[in-house]
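Notes to accompany the following structure.
The values are calculated or read from the model by the stated rules, or taken from the named source; none is laboratory data. All figures in this text were calculated on a predicted structure; none of them were measured in a lab. In this analysis, Cβ positions are derived from the backbone assuming ideal geometry, glycine residues included, and neighbour counts consider all displayed protein chains.
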Amino acid sequence: MKNTLIIAGILGIFVALGAHLFTINADAYHFGNIWFVGVIGGAVGIWGGNAVDKSYVLGALLLTISLILGFAGGGALYTAPAILQVVSLASMLLQPKEKEESFE
């Protein structure tokens with residue numbers, strides 16, 4: 001799951017940069033020329049992927065922020081990284097929590 005989230009973050013960065021460099025998203029199409037928000041969303045996604053191992057709550061929060069920033073910066077082009085993040089987030093939340101070992 002961690003690797004999938006990191007790949008989704010890297011893909012999000014490439015999507016945002018590619019959309020800007022190939023002028024797929026221009027000022028007239030959506031919020032404006034805020035492609036860098038998509039790059040920040042991808043970076044936050046990578047950070048969230050690394051944070052999942054330490055804390056599920058922090059990882060889920062960072063992934064939610066990454067999804068919002070990604071769609072704000074890249075629009076519908078951010079769909080592929082978003083699908084990877086949503087599937088990983090859903091499997092993380094639906095996965096039963098491991099019980100701590102007791103020494104009794």
Worksheet entry | In segment 88-101, residue farthest from Leu11 (Cα to Cα) [restricted to those that are in contact with a helix residue (DSSP H, G or I) (Cβ under 8 Å, 6 or more places away or on another chain) and modelled with pLDDT of 85 or more] | Leu89
Practice prompt. Output the residues belonging to segment 68-85 that are in contact with a helix residue (DSSP H, G or I) (Cβ under 8 Å, 6 or more places away or on another chain) and either of a type in the set (Phe, Trp, Tyr) or closer than 10 Å to Ala8 by Cα (or both).
Written response: Phe71, Tyr78, Ala80, Pro81, Ala82, Leu84, Gln85
Fill in: Residue within segment 30-37 that is at pLDDT below 85, in a helix (DSSP H, G or I) and not charged (D, E, K, R) present
yes
Item to complete: Quick one: in segment 41-51, of everything that is surrounded by fewer than 21 Cβ atoms within 10 Å (Cβ to Cβ) and in contact with a helix residue (DSSP H, G or I) (Cβ under 6 Å, 6 or more places away or on another chain), which residue is nearest to Ala19 (Cα to Cα)?
Response: Ile46
